[in-house]
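The values are calculated or read from the model by the stated rules, or taken from the named source; none is laboratory data. The shown structure was predicted, so the numbers you read here are calculated from the model rather than taken from an experiment. Neighbour counts are summed over all protein chains in view; Cβ atoms, including those assigned to glycine, are modelled from backbone coordinates with ideal geometry. Ligands, DNA and RNA are excluded from the accessible area calculation, which covers all protein heavy atoms including side chains. Shrake-Rupley method; radii C 1.70, N 1.55, O 1.52, S 1.80 Å.
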Amino acid sequence: PDCLRVDGEGHLVIDIKQVGDKYHAGMLATAGLREWTHGYFECRMTLAQQPGYWNAFWFMADTVGLPQRQPELADQTRRIGTEIDVVEYLQTQGDVLHLNLHWNGYGDLHRSSPFDAFVPGLRQQEWHVFGVEWTTDGYAFYVDGRHAWTARDAPSDTPEHIILSVEIGKWAGDIKQAKLPQTVKVDWVRVWQKKPVAAPTS
């Protein structure tokens, strides 16, 4: 919690800092507060600036991990959900963004559908908008208003919550090489959903 704050301009700020011999970062989720199924979702945020950590905008359902304990639920993503990674960004990857889908939990049955989006000049711009159109047929991903990837794997019809996170790990390089403290800022998250069509009256 000490790594989450709101700055004077109203941005959510996630801090990355060293505390003693440990490294701290933060995350914010709507779990237990609000979930969504289908729609168009956008987040305007900055990018990781140092090695050792990555920032992400993603969706999760509490039931995604069930196939680890109940293998008979494997590939039933419409019922149990899919982890939808709208973006993961590592400073060590330069102009590459990671987009991904994960399903069937995170054990032996785990499956994923990754995609790397190359965006020339990505780091020349401070703020970026990452979006996903999530329908019953799949997912279409966008970066700064431009289509980046469409995936038909693991369509979810399950309510899922939004997560904004910064994670520290070796995937992003050596955190000991980072000049800390650092920050990732989020300007907004926006959700668009179609109103249900009313049944015709007789």
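Some notes on this structure:
- Only one residue of ALA48, GLN177, THR135 has its Cα farthest out toward the positive end of the dipole of the chain, where Lys and Arg carry +1 and Asp and Glu -1 on Cβ, and that residue is ALA48.
- For the chain, a simple Cβ point-charge model (Lys and Arg +1, Asp and Glu -1, everything else neutral) yields a dipole of about 180 debye relative to the Cα centre.
- Sequence-ordered 3J(HN,Hα) estimates for the range 187-194 from the Karplus curve with 6.51, -1.76 and 1.60 and θ = phi - 60° stand at 7, 6, 10, 10, 10, 10, 9, 6 Hz, glycine and proline given as x.
- Based on protein heavy atoms only, the range 78-149 ends up with 46 Å² per residue of surface accessible to a 1.4 Å probe.
- For ALA148, the amide hydrogen comes within under 5 Å of the amide hydrogens of PHE141, TYR142, VAL143, counting only partners 5 or more places away or on other chains and with H modelled in the peptide plane.
- The eigenvalues of the Cα gyration tensor, multiplied by 5 and square-rooted, give the chain an equivalent ellipsoid with semi-axes of 29, 20, 17 Å from largest to smallest.
- Cα Rg over Rh - the range 136-201, Kirkwood: 1.11
- Here the Kirkwood formula, the inverse mean of 1/r across different C-alpha pairs, assigns the range 92-202 a hydrodynamic radius of 17.2 Å.
- For the range 36-44, 3J(HN,Hα) computed residue by residue from phi via the Karplus equation (6.51, -1.76, 1.60; θ = phi - 60°) reads 9, 9, 6, x, 10, 10, 9, 9, 9 Hz, glycine and proline entered as x.
- Only protein heavy atoms count here; under a 1.4 Å probe, LYS185 has an accessible surface of about 50 Å².
- Applying a DSSP loop filter and a limit of 16 other Cβ atoms within 10 Å to the trypsin sites (Lys or Arg not before Pro) in the range 118-154 leaves ARG152.
- From the C-alpha gyration tensor of the range 19-65, square roots of 5λ in Å: 26, 16, 10
- Averaged over residues, the count of other Cβ atoms within 10 Å places the peptides 45-58, 83-96 in the sequence 45-58, 83-96, highest first.
- In the range 6-145, taking the dipole from charged Cβ atoms about the Cα centre, the farthest positive-side position among PRO114, HIS102, LEU73 is held by LEU73.
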